[in-house]
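What follows draws every value from the coordinates through simple rules; no lab data is involved. Model, not experiment: these values are computed from the prediction. Ideal geometry is used to build each Cβ from the backbone, glycine not excepted, and the neighbour counts take in all protein chains shown.
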Amino acid sequence: MAVDTLVFWVFAPISVGSAIAMVIQRNAVHAALFLVVNFFTIAVFYLVLGAPFLFAVQVIVYAGAIMVLFLFVIMLLGVDRDEPLLERLKGQRVIGITLGVGIALELVVAIRAGIGFATTGPANFDEAVNGSGNAEALSAVLFRQYFFPFEVTSVLLIVAAIAVVVLASRQRRSITRAEAERLRGDAA
Amino acid sequence: MGDLLWLVPALPLAGATVMLFGGGRLGRAAGWIATALVAAAFALAVAILLDLLSMPAEARVLVDDVYEWMAAGAFSVDVAFRADPLSITMTLVVTGVGALIHLYAIGYMEHDPRVGRFFAYMNLFVFFMLVLVLADNYLLLYLGWEGVGLCSYLLIGFWFDRPSAASAAKKAFVTTRIGDAAMLLGIALIFITFGSLDFGEVLAPLGAADGATPSSGTFTVISLLLLAGAVGKSAQLPLHVWLPDAMEGPTPVSALIHAATMVTAGVYLVIRSHVLFELSGTALTVVLVVGLLGAIYAALASIGQFDIKRALAYSTMSQIGFMFFAVGMRFYEGAMLLLVCHAFYKALLFLTAGNVLHGLDDETDMRRMGGLRADMPISAVWFGIGALSLAGIPPLAGFFAKDEIVGFAATSGREIAWLLATVGAFMSALYISRPLFLAFFGRRRTERTAHEAPWLMQAPLALLALLTVGGGIVLGLQAEGGRLATFLEPVVGAAEHGEAFLSDAGLIAISVVLAVAAVAIAYWIWASGRVDWQAFPSRQPELAGWLSNAFYVNTLYAWLVQHPGKGFAHVLTSVDDRVIDGAVNEVAEDVGKASRIAPRIQRGFVRTYALGFLLGAVALLLFLGWRG
Amino acid sequence: MSTPVSYFLVVSAMLFAIGTVGVLVRRNALVIFMSVELQLNAVNLALVAFSRLHGNLNGQVLAFFSMVVAAAEVVVGLAIIVTVYRRRQSASVDDLTVLRG
């Protein structure tokens, strides 16, 4: 058994297991920690698939920055209480899980019909594609072929930053009509 | 000068544009600007006239092709203006008389707060009228035709806060529309028949049109459709009902549009298209009958009116009837001479009536006037000149014009027409002397003292009076063969004088004697005080009713059109209420019912929506996989 | 590498499905948001696997862009959750039913 196959079979169950654990975990902080585990396993898969640059980005940006942001917000809001088990929407849980399993099965069938379960990519991927280094090859594609989209993302990030400032600033403002009705309803 | 022809209508258009957008700020200057622009157009027209006169008589045509207006397949119409003896005569009347009336209106409209708008409409009217008479094809003529109708509507309803003015404006617009619709059909038929709308091609001498000549039936239909338009615009039977009501407009408007220029457009149209009418023959007879009947009908109706402006309105209709009568006899020069002279003296009469209204605080009922010559001596002179001219007293303009037409009738071989025309001429003298004597002579029937109009209003009247006195001699003196007639001959052809059953001198004598007799009778009845004319309605209520209501034509139309129309409208209303509104309300109710069901699905839970989203995705994938 | 690419794709599909179920059954807006992140990562994994399959880097570039967009999205999304929580003192999506019919 090749090393990469071994790595896959070790990490794939961890990945799926941590994902399931995240979904069924009632406590938000615990769910977030399981998600971090899952992101790490995905990072490992990137490494196996010949994408060391994305491995690094995944670890730093996702598992690092984004998840810290999540945890920060959870703590800030103090919503780390357990979620009640009672489901108010009738049939939501059963139908949801059924459809989830359904879409998974459909995707697997589609993968089988599309490329089969035995296809491997080109054997010399690292030499032919990554060449002298994945980061260098990726940046060549990014800055030549995808230069304009790359620049657009910078605009996107600035807009997002401005949006957060706007959303986060506390301003006195009038309440909406729906809120007014709600308040009246509470008073009655 | 030919390439400056477009400038003639462009000048008043510029004035109208400026005053429509800036009239409020111009104030009193608006009137002066408007007058100056029309006067400039007149000066330009005179220059073009001199240009035409310098050419040989047969070549007197100037065409100014400004730009291609529209083109679709074989259909092509240019904005092109045409100056020939006929159109330049009309142009000179429109701009010349128009300028004098504008000048008068400066004084007359002095106290009106919307004077800028008034002059904007007046200039716009002059523009459209010039487009009408200068157009080189039927479609451009039609544009001017509709444009003057619009301006007529706007100006009759100028004092729109008076309900009577507003409804009179509507009546004028709708009634003339009937004729206009027929005229548009006629123009379409002209295009189908000739493949062109240009005067040069349509009205080319017979035989110039290539190959097969259309049947005379086609010409009859075209001519009658054009005549319907002319009858509507010129207020002839049976589309005349709008003209008396149109007197609701300011008096300068009545003088310019409803006496001197617009209402004569019908005569111009028929003369312009005389080639078509002659090819038909039948159509000319119809023109003759319509004109003669209208002349006598309107003369009778005028005698029954006590409103000074309405009396003048019927007199206008009667005079235009005489023009149609002349056209029907192929005596186009005579019709044009009457048109020009009529423009002079009718404008004079209307504007003098305006003086009276001005002096008596808008009193129009002649029963409350009388003896005004003491207060308004100058106006009395003007009205006297105008009335005697219309009555046909030599040597005033009306004598030459009317006498020629009646005399021509004697030579045409239609004795009955001559007889009726003579009767009509006699009644003309009677009906026009009546307002003269009722208003200016006889016993005073008002406590008010009229004040004479200011010099600004008298000056244009003096010029018009001069034209009325001298115009006939200059333009129509038979000894020279008639200067206007000679000038017009290249366009309309020479009139064919037949043998009269009386000598010229005898005919003239009959005319003059009858005219003088009519004036004398009028004086005896309405001014001498020996006849109790005020008792006439009570002694002869039937006859007085027929005369003052103009033979109840309005009532007849009410029965024929108004009442069935109202009934039809009621039916339509109920259809609208039950069927159309019913359908709409039903749909609204069903939507309402449906919207009471929808909230059961739309509960506001995001997760429910997400579930639906996923269901769709799963189903779509299943569908794609199943298909292949 | 001898592991078939499709193995990674199957893992990606499973993670995506789990994320989907998470969105549907959880009520805490933050956890739902985390499930969405899981879905995004599953797709990224598929993209990188396809990159490997086709022997070029377009898939990786796309995954990279996806991460940038996800970062922007997380920032704005969390800000919205914070704003909503401030006003309603609740992070449960079932309490946000103002738009019901």
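Some points to look at:
- Computed from Cα positions, the angle between helix B:7-26 and the longest principal axis of chain B comes to roughly 70 degrees.
- With a 10 Å cut-off around each Cβ of C:65-77, the average count of Cβ atoms from other chains is 6.
- Other residues within the sphere of radius under 12 Å centred on the Cβ of C:VAL5, judged by their own Cβ, net out at 0 (K and R +1, D and E -1).
- With a 10 Å cut-off around each Cβ of B:592-602, the average count of Cβ atoms from other chains is 1.
- Taking Lys and Arg as +1 and Asp and Glu as -1, the other residues whose beta-carbon sits under 13 Å from that of B:ASP245 total +3.
- Cβ-Cβ distance of B:ALA617 and C:ASN58, R₀ of 22 Å, FRET efficiency by 1/(1 + (r/R0)^6): the value works out to about 0.30.
- From phi via Karplus (6.51, -1.76, 1.60), per-residue ³J(HN,Hα) for the range B:99-114 in Hz, x at Gly/Pro: 5, 5, 5, 4, 4, 4, 5, 4, x, 5, 9, 3, 8, 7, x, 10
- FRET efficiency for A:GLU136 and B:VAL606, using Cβ-Cβ distance with R0 set to 35 Å, rounded to 0.05: 0.20
- Residue-averaged beta-carbon neighbours from other chains (10 angstrom radius) around A:50-59: 4
- When the pairs B:LYS309/B:LYS402; B:LYS309/B:LYS566; B:LYS171/B:LYS402 are compared against a 25 Å limit on Cα-Cα distance, B:LYS309/B:LYS566; B:LYS171/B:LYS402 fall above it.
- Inter-label distance, A:VAL10 to C:ARG88: 4.5 nm, where each label sits 7 Å from its Cα along the C-beta direction.
- Angle of helix C:29-54 to the longest C-alpha principal axis of chain C, folded into 0 to 90 degrees and rounded to 10: 10°.
- Restricting the range B:462-504 to GluC sites (Glu not before Pro) that sit in a DSSP loop and have at most 11 other Cβ atoms within 10 Å of their own Cβ leaves B:GLU496, B:GLU499.
- Cα centroids of the range B:542-619 and the range B:24-70: 52 Å apart.
- Listed peptides B:164-173, A:41-50, B:560-569 by packing density, highest first (mean Cβ within 10 Å): A:41-50, B:164-173, B:560-569
- Nearest-ten-degree value, helix B:29-53 long axis tilted from longest Cα axis of chain B: 70
- If the convex hull is drawn through the Cα atoms of chain B, its volume per residue in Å³: 245
- Cα-based shape type of the range B:1-147, given that a ≥ b ≥ c are square roots of the gyration tensor eigenvalues and the cut on a/c is 1.5: oblate
- At R0 = 22 Å, FRET efficiency that the Cβ-Cβ distance of B:LEU502 and B:TYR523 yields, to 0.05: 0.20
- For the peptides C:54-64, B:312-322, A:104-114, residues were scored by their other Cβ atoms within 10 Å and the scores averaged per peptide; the highest-first order is B:312-322, C:54-64, A:104-114.
- Charge context of B:ASN123, other residues only, Cβ under 15 angstrom, K/R +1, D/E -1: +2
- Distance between the range B:319-397 and the range A:114-182 - C-alpha centres, whole angstrom: 91
- Mean separation of Cα pairs under 8 Å and 6 or more residues apart, divided by the residue count, gives the range B:18-138 a relative contact order of 40 percent.
- Peptide ranges B:532-543, B:218-229 listed from the most packed, as the mean C-beta count within 10 angstrom indicates: B:218-229, B:532-543
- Derived scalar couplings between HN and Hα for the range B:508-524 equal 4, 4, 4, 4, 5, 4, 4, 5, 5, 4, 4, 5, 5, 4, 4, 4, 4 Hz in order, rounded to whole Hz, by the Karplus curve 6.51 cos²θ - 1.76 cosθ + 1.60 (θ = phi - 60°), x for Gly and Pro.
- Within the range B:107-124, backbone nitrogen closer than 20 Å to the virtual label 7 Å beyond the Cα of B:PHE21 toward Cβ: B:115-124
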